[in-house]
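Chemist: Take a look at the following structure, please.
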Amino acid sequence: MRNMSDDHTHVQEFFTARAADWDSRFPDDGPAYAAAVAELGLREGGRVLDAGCGTGRALPPLRAAVGPSGVVLGADLTPAMLEAAVRAGRGADGQLLLADVAALPLRSESLDAVFAAGLIAHLPHPSTNLRELARVVRRGGTLALFHPIGRAALAARQGRQITPGDLRAEPNLRPLLAGSGWRMTSYVDEDDRFLALAVREP
């Protein structure tokens, strides 16, 4: 099977084909998103990016966390996903950007946190791409790498086995983050969620 992260075209094709019914395929993920957002430790008036926001399922809890005075951005590479977010009314919770997380149109150290659901498997150059996320976050800011189900459950859903080279395995992810400007502070990989939290290093 071709790796979906080989280039942008394949990522866009994959998600364009699934955008219209994405939310209906995973209707029960809302509480898991809200719980993961809560662990970012956002405060009223904070500035946060949902990187690879898809249909924007994280935007409502992110908005609730930072309040009306905060800034919520959602960036995605696939226009059809952003259109689905607008149709779902989530454009009201954050500013949607058609943007590549490998080259974000944001100032350095302009954010307090980045939330990234299901993103890391689709990054063409994980170390470089995570470094770009670190660039836009202030020192001491946070990163959440999230998936609403754990690695084993996701592999079973996709009809595959977990491999030792899986970037989300803790022995692989911790040094990957460390080499990209982040320090992992917690790691959870359970059937009902995957969540790795990291802090932007000074």
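The values are calculated or read from the model by the stated rules, or taken from the named source; none is laboratory data. Because the structure is predicted, anything quoted here is derived from the model rather than measured. Cβ: placed from backbone, ideal geometry, glycine included. Neighbour counts: every protein chain shown. Protein only, heavy atoms only, side chains kept; ligands, DNA and RNA dropped before computing areas. Shrake-Rupley method; radii C 1.70, N 1.55, O 1.52, S 1.80 Å.
So that you can scan it fast, the table gives a plain yes or no per residue for (1) open to solvent by less than 30 Å² (accessible area, probe 1.4 Å); (2) among the hydroxyl-bearing types (S, T, Y); (3) over 15 Å from the mean Cα position of the chain (by Cα):
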{"residue": "V136", "(1), (2), (3)": "yes, no, no"}
{"residue": "P148", "(1), (2), (3)": "yes, no, no"}
{"residue": "L154", "(1), (2), (3)": "yes, no, yes"}
{"residue": "Q158", "(1), (2), (3)": "no, no, yes"}
{"residue": "T185", "(1), (2), (3)": "no, yes, yes"}
{"residue": "F194", "(1), (2), (3)": "yes, no, no"}
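Chemist: Provide a single number: the residues in the stretch 33-92 that are more than 24 Å from S108 (Cα to Cα), part of a loop (DSSP other than H, G, I, E, B) and in contact (Cβ under 8 Å) with a residue 24 or more places away in the chain.
Modeler: Number of matching residues: 3.
Per-residue answers, yes or no, for (1) at pLDDT below 80; (2) aromatic (F, W, Y); (3) over 23 Å from I149 (Cα atoms); (4) open to solvent by less than 10 Å² (accessible area, probe 1.4 Å):
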residue	(1), (2), (3), (4)
D6	yes, no, yes, no
T9	yes, no, yes, no
F26	yes, yes, no, no
G41	no, no, no, no
G45	no, no, yes, no
D76	no, no, no, no
P79	no, no, yes, no
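Chemist: Tally time: how many residues in the stretch 81-103 are closer than 26 Å to R138 by Cβ, among the acidic types (D, E) and modelled with pLDDT under 95?
Modeler: Qualifying residue count for the region: 1.
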